[in-house]
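Structure, as structure tokens:
Please treat every number below as a calculation from the coordinates, not as lab data. Since this is a predicted model, take the numbers as computed values, not measurements. Cβ sites come from the backbone with ideal geometry, for glycine too, and all protein chains shown count toward neighbours.
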């Protein structure tokens, strides 16, 4: 199942959500189509033109937006007033701004975390969920990311460690966070490049070319991921698995790569055990990335199934 043809936004804009943040949003598809919301990963990744192509333009009214500090939202890379609670409130503000009553919520990786947090807070505003590469924001998952996924990519882990002086390697997260928030932009960029290289090496089942240097998206991802990790994803007081009962009535599809190193499949499996109306679609020959063939095909198929969810 291929992506849909490229299409420009039908409308777009910036919404002021307070705290000095203005968020970029766009719509594609039919003005009277079934509302759907796409939540990008990271945090910090922002949306791309290819994300628009996930949605059938003859059926969906798809809304995409760049979360605080990401993509075309302003100010770029900003950490203040940037938490899971802020983002959940932003989604509601955007829904009201666009006059949407209820919508399908689609998200992968960090986007799956935010989708669950939003749906559990506002289940009456959700028609269903499509999640990919599930990340529940638990301490064990952050520990896996920082320390254990590199066991499968030892070369990448060695480079990740080598970017820090030996004296700073005792607490990797604290050391990287300090560098990613340093006053010196060169220090921040060097840390972001090392962080991005480590994560990129673990994101696909088979090696994929990695461009040299660090682009703006990689900078925002590293900076915001470290910020959220240090603050335990702002979920310590409300674990997502504990709130699944609030969405038990909603339909869902969970797409998960069997060899996902970034977000191990056990999280998707545990979520599916708690959620009676969710279907877990394990993609055997795939890792974490949405763009791996099996994962992409399963995501597109799920979006086709969701057309019948009302």
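Okay, here's what the table says:
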| read-out | value |
| --- | --- |
| The chain, helix-only ellipticity at 222 nm - DSSP H runs n ≥ 4, -39,500 (n - 2.57), divided by all residues, nearest 500 | -10500 deg cm²/dmol |
| Inter-probe distance in nm under a simple model that places probes 7 Å from Cα toward Cβ, at residue 242 and residue 96 | 2.8 |
| Tail weight of P(r) past 30 Å, computed on alpha-carbon pairs of segment 141-299, percent | 22 |
| Segment 58-118 - percent relative contact order, Cα under 8 Å, separation 6 or more | 21 |
| Residues of segment 220-259 with amide N under 17 Å of the 7 Å Cα→Cβ point at residue 151 | 259 |
| Orientation-averaged projected area, Cα convex hull of segment 139-233 (nm²) | 6.1 |
| Whole-angstrom Cα spans of segment 91-146 along principal axes, big to small | 40, 18, 15 |
| Residue exposure sequence - 110, 291, 25 - by fewest surrounding Cβ within 10 Å | 291, 25, 110 |
| Spread of Cα-to-Cα distances over 20 Å intervals beginning at zero, given as percent, for the chain | 35, 60, 5 |
| Among 38, 152, 76, residue whose mean-square fluctuation peaks in a GNM of the chain (springs only between Cα atoms under 10 Å) | 152 |
| For segment 54-96, diffusion coefficient by Stokes-Einstein and Kirkwood Rh (Cα), 10 °C, 1.306 mPa s, µm²/s | 134 |
| Percent RCO, i.e. relative contact order, over the chain, from Cα pairs under 8 Å lying at least 6 residues apart | 19 |
| Label-point gap, in nm, between residue 269 and residue 22 - each point 7 angstrom along Cα→Cβ | 4.8 |
| Cα Rg, Dmax, segment 22-120, angstrom units | 12.6, 39 |
| Choice from 222, 236, 203 showing the highest fluctuation, given a GNM over the chain with Cα pairs closer than 10 Å | 236 |
